[in-house]
Amino acid sequence: MKHLRQIVTKAVIAKGKKRTESCEVLCPPNTPSSILGCWVINHSFQSKKHGKYVEVVGKFDINVWYAHHDHSKTSVFTETINYKDRIRLHYRDSDSTGEEVHVRVIQQPNCTEAIIIENGTKFQVMVERELLAEVVGETKVCIQVHEQDFEEEWAFNEESSSSSSNSSSSSSSSSSQNHGHDQSSSL
């Protein structure tokens, strides 16, 4: 005879992923001669669910190491970039309660290209990032239950122990009287 039972559990009920490429234009204080390096650091973000989307609001710092004054000096120019991403969710189970949003970074913001533009006065930096959003909620799963007419046998190793709050001399005399036989096994 088959029986079905419903179990309430927490599970991933929706997921979404978004890869973003952005073009950032930066204005350094000195006219650059060349770019010596570019890196993106200090990425942080917060997320919140809005309907069938997760909105991620974050920021990161772009650092451009560059030469200026006809390659006679170098500097690092840093600018904080704010962003807002909307990640569309794809639901597996829409009938759920108690939703939690978890966002994980698949690809940290990373510089893919940095060039000098606009008559040699600005930097154009291409940055890519990728985020994964998961919504965890309470949902129901059905399991099939088989009734058993008997209980499975359990194999037990018999163990015994004795304890005494008497002094060590009385416990040694009682153990000498046992001659290695366990008296508690008769219980």
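The values are calculated or read from the model by the stated rules, or taken from the named source; none is laboratory data. The structure presented is a predicted model; accordingly, all values stated were derived computationally and were not measured. Backbone-built Cβ (ideal geometry, glycine too); neighbour counts: all protein chains shown.
Observations
- Tally, over the stretch 91-102, of residues that are more than 19 Å from the chain's Cα centre (by Cα) and surrounded by 11 or more Cβ atoms within 10 Å (Cβ to Cβ): 4
- Selection status of PRO109, touching a strand residue (DSSP E or B) at 6+ places or on another chain (Cβ under 7 Å), at pLDDT 95 or above and assigned to a loop (DSSP other than H, G, I, E, B): no
- Options TYR66, TYR83; residue that is under 18 Å from MET126 (Cβ atoms), among the hydroxyl-bearing types (Ser, Thr, Tyr) and more than 25 Å from the chain's Cα centre (by Cα): TYR66
- Checked against the criterion of being surrounded by 11 or more Cβ atoms within 10 Å (Cβ to Cβ), under 30 Å from PHE77 (Cα atoms) and at pLDDT 80 or above, the stretch 137-147 contains not a single residue that satisfies it.
- Cross-chain or 6+ apart pairs with Cβ under 6 Å, the stretch 78-101 first and free of Cβ contacts under 8 Å to residues at least 60 places away in the same chain and within 13 Å of HIS50 (Cα to Cα), then in a strand (DSSP E or B) and among the polar types (S, T, N, Q): VAL101/SER47
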